[in-house]
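Encoded as structure tokens, the structure appears first; notes follow it.
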Amino acid sequence: MTSADLILPVPEGQAPAAVVLHRPDDRAATERSHPLDEQLTRVSAALDSFGYLVALVPATLPAQERRRLHTVRAVLESDRIALVDVDLPPLAAALLARQLTLLCGTDLAPGVLAGAARLLPYYLHTGAVLNSIARLDRVEVNLRSHLRSWVPGSQFAVVANPQAHLAELTGSARLPGPDFATHLAVGEHGLASDWVSGDLARQWRCQRVCQVPLPAASTQWWGNQKLVEFAAYIPDVAVLHQLVRSVRRDACGWCGLETIGDRCLFCSARVEPTAPTRPAAVTPGSAATPAGTSRRPGPGAGAGTVSRTETDSRYQIGPTRR
């Protein structure tokens, strides 16, 4: 991450600490406080310690700072650095970083972990309560809502991810939310969070409400100086692990890493799905092989047996027992 306030704490001893790649405010600050050689040293040390590095790159990151990340990767000539673009509100990005940090302590391969950075945002329900939507450009605002925002005392509840939704905050306001168990993280600045911690938490059936510091970038992202940002997330690392493991995995043909998705995020090579194994020939007219059992093939079928397991829908070929 590029800011320390996007790093949320994790239970001690469960995962390695996240690495912060400080973002310079301008070129002078870059030369003075975080020159290129210092960032190279930090990234190189992280690679030596952990082996691989998954860097979450916010979509709002200025082009100059984005180029700096690519420069660091190019100078180190390392295919062990994955730069993953993340188009999420700041609090959701911080929660995604926390989830990935927890998953670092599991048996997931680096390529799978990097792919999880693109999978898990679909399970983050994030939004904010705003007293004005005049400067909100992250969610489509119709003319009626835009005019209502000029009425003194008006407030709006906005969901930005996974599907945009805007509603005027009234006693009957309802927001589309998750249909699975979550915790609700809430960060506020200048507005009371009572509706989020109370009504919204009950609507979404959140098991717990956690107050967290509001990231500094949130006011700019939402176009408001006063807001309450919230995000429902899966807190259990076992559930996250099962979710990621349930996705199909393929080996990258270039670097060999196990990945999920259509592209390896470390070497940028396109990943072609592994072709299913062709079943061995079976004598026409023979009875189907029961699940979990094996049988000899008929004449001309070759020295192999065909079995079908309950956990794999593809046929598996094994040696013939004699």
- Item | Options 91, 69, 95; residue that is over 21 Å from residue 251 (Cα atoms) and touching a Gly at 6+ places or on another chain (Cβ under 9 Å) | 91
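Residues checked against (1) buried (at least 22 other Cβ atoms within 10 Å of the Cβ); (2) hydrophobic (A, V, I, L, M, F, W, C); (3) part of a strand (DSSP E or B); (4) more than 25 Å from the chain's Cα centre (by Cα):
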position	(1), (2), (3), (4)
111	yes, no, no, no
121	no, no, no, no
132	no, no, no, yes
135	no, no, no, yes
179	no, no, no, no
187	yes, no, yes, no
196	yes, yes, no, no
- Note on the structure: Subset of segment 156-177, residues part of a loop (DSSP other than H, G, I, E, B) and either within 23 Å of residue 208 (Cα to Cα) or at pLDDT 90 or above (or both), comes to 162, 163, 164, 169, 171, 172, 173, 174, 175, 176, 177
- Count of residues meeting criterion [in contact with a Phe, Trp or Tyr (Cβ under 9 Å, 6 or more places away or on another chain) and assigned to a strand (DSSP E or B)] in segment 61-89: 2
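Residue check: is residue 125 buried (at least 22 other Cβ atoms within 10 Å of the Cβ) and modelled with pLDDT of 95 or more?
Values: buried (at least 22 other Cβ atoms within 10 Å of the Cβ): yes; modelled with pLDDT of 95 or more: yes.
In short, yes.
Examine segment 100-109 for a residue that is assigned to a loop (DSSP other than H, G, I, E, B), assigned by TED's automatic domain parsing to the domain that holds residue 46, touching a Gly at 6+ places or on another chain (Cβ under 8 Å) and at pLDDT 90 or above, and state whether such a residue exists. So that I can check it myself, show each step before the final result.
We begin by selecting, within segment 100-109, every residue assigned to a loop (DSSP other than H, G, I, E, B); these are 104-109.
Of the ones still in play, those that are also assigned by TED's automatic domain parsing to the domain that holds residue 46 are 104-109.
Cutting the leftovers down to touching a Gly at 6+ places or on another chain (Cβ under 8 Å) gives us none.
Among the residues of segment 100-109, not one is assigned to a loop (DSSP other than H, G, I, E, B), assigned by TED's automatic domain parsing to the domain that holds residue 46, touching a Gly at 6+ places or on another chain (Cβ under 8 Å) and at pLDDT 90 or above, which makes the answer no.
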- Does residue 87 satisfy being surrounded by fewer than 18 Cβ atoms within 10 Å (Cβ to Cβ), closer than 30 Å to residue 127 by Cβ, outside the structural domain of residue 160 (by TED's automatic domain parsing) and in contact (Cβ under 8 Å) with a residue 24 or more places away in the chain? yes
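Just to be sure before I move on: is residue 73 over 19 Å from residue 183 (Cα atoms) and without any contact (Cβ under 8 Å) to a residue 40 or more places away in the chain in the structure I sent?
Working: over 19 Å from residue 183 (Cα atoms): yes; without any contact (Cβ under 8 Å) to a residue 40 or more places away in the chain: yes.
Answer is yes for this residue.
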- Query: Got a number for residues in segment 60-83 being closer than 17 Å to residue 114 by Cβ and loosely packed, with under 13 Cβ neighbours inside 10 Å?
  - Reply: 1
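The values are calculated or read from the model by the stated rules, or taken from the named source; none is laboratory data. Predicted model, so just to flag it, every value in this text is computed and none were measured. Note that we place each Cβ from the backbone using ideal geometry, even for glycine, and neighbour counts take in every protein chain shown.
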